[in-house]
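Each remark here refers to the structure printed beneath this line.
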Amino acid sequence: MSLDTCGWWDGVASLPGWYFIETNTPISLLKKIEPAHESSRSYNIPNRIEHNNWLMNTGAAILPYDKNDSYFIYAGEAVNIKSRAREHTHSNHQTASLSLSSYRELQDYEWVFYYLTCDEVMPGSNGDKAIRVCGEQFWRSIYGWPILCKE
């Protein structure tokens with residue numbers, strides 16, 4: 001995953017499924033970065049973390065074990081995984097997203113994008129929204145809540 005290069009998502013499937021974003025960016029840095037452009041629909045990253053502070057305090061959130069460890073910061077479902085990969089790095093200002101390329105300071109850290117298509121997990125499901133949401137919540141119930149996920 002590249003925060004400064006468009007097109008890194010070319011190999012990502014344009015299919016319904018689930019995606020996961022992993023980084024080794026310190027939470028302390030994420031808590032203090034300035035929000036992206038006011039005219040965009042970018043998520044306010046410090047507010048997202050603050051919103052999930054109680055999850056972090058109760059052990060329900062996914063956190064790094066040690067200072068430099070990678071951890072899942074976001075997990076979601078989408079009707080088109082490739083589009084969400086692009087939007088979370090290079091927002092089109094019409095869809096709410098992380099817009100990670102807007103933050104120069106984040107480019108110094110590792111970012112990895114993983115995904116599973118609905119057909120890989122549940123052949124014949126046709127990417128049904130209910131299946132995607134159920135799978136997303138099931139994953140979170142097992143692994144914890146990524147700190148940049150609101151719902």
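Tell me, yes or no, whether the stretch 58-80 has at least one residue that is over 13 Å from the mean Cα position of the chain (by Cα) and in a helix (DSSP H, G or I). So far as the stretch 58-80 goes, yes, one or more of its residues are over 13 Å from the mean Cα position of the chain (by Cα) and in a helix (DSSP H, G or I). Looking across the stretch 98-129, the residues that are over 18 Å from Arg84 (Cβ atoms) and part of a helix (DSSP H, G or I) come down to Arg104, Glu105, Gln107, Asp108. A single entry from Leu63, Leu15, Leu3, Leu29 fulfils the requirement of being more than 21 Å from Tyr114 (Cβ to Cβ) and either of a type in the set (A, V, I, L, M) or surrounded by 12 or more Cβ atoms within 10 Å (Cβ to Cβ) (or both): Leu29.
Residue-wise test of (1) at pLDDT 95 or above; (2) under 30 Å from Lys129 (Cβ atoms); (3) of a type in the set (D, E, K, R); (4) assigned to a strand (DSSP E or B).
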{"residue": "Cys6", "(1), (2), (3), (4)": "no, yes, no, no"}
{"residue": "Trp18", "(1), (2), (3), (4)": "yes, yes, no, yes"}
{"residue": "Ile21", "(1), (2), (3), (4)": "yes, yes, no, yes"}
{"residue": "Pro35", "(1), (2), (3), (4)": "no, yes, no, no"}
{"residue": "Ser39", "(1), (2), (3), (4)": "no, yes, no, no"}
{"residue": "Glu50", "(1), (2), (3), (4)": "no, yes, yes, no"}
{"residue": "Met56", "(1), (2), (3), (4)": "no, yes, no, no"}
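Ile45 meets each of the listed conditions (1) in contact with a Pro (Cβ under 9 Å, 6 or more places away or on another chain); (2) hydrophobic (A, V, I, L, M, F, W, C); (3) modelled with pLDDT of 95 or more apart from (3). Taken over the stretch 68-87, residues that are within 16 Å of Leu106 (Cβ to Cβ) and among the acidic types (Asp, Glu) amount to 1.
The values are calculated or read from the model by the stated rules, or taken from the named source; none is laboratory data. Here the structure is a predicted model, which means the values were calculated and not measured. Because the Cβ atoms are built from the backbone with ideal geometry, glycine has one as well, and the counts that use them run over all protein chains shown.
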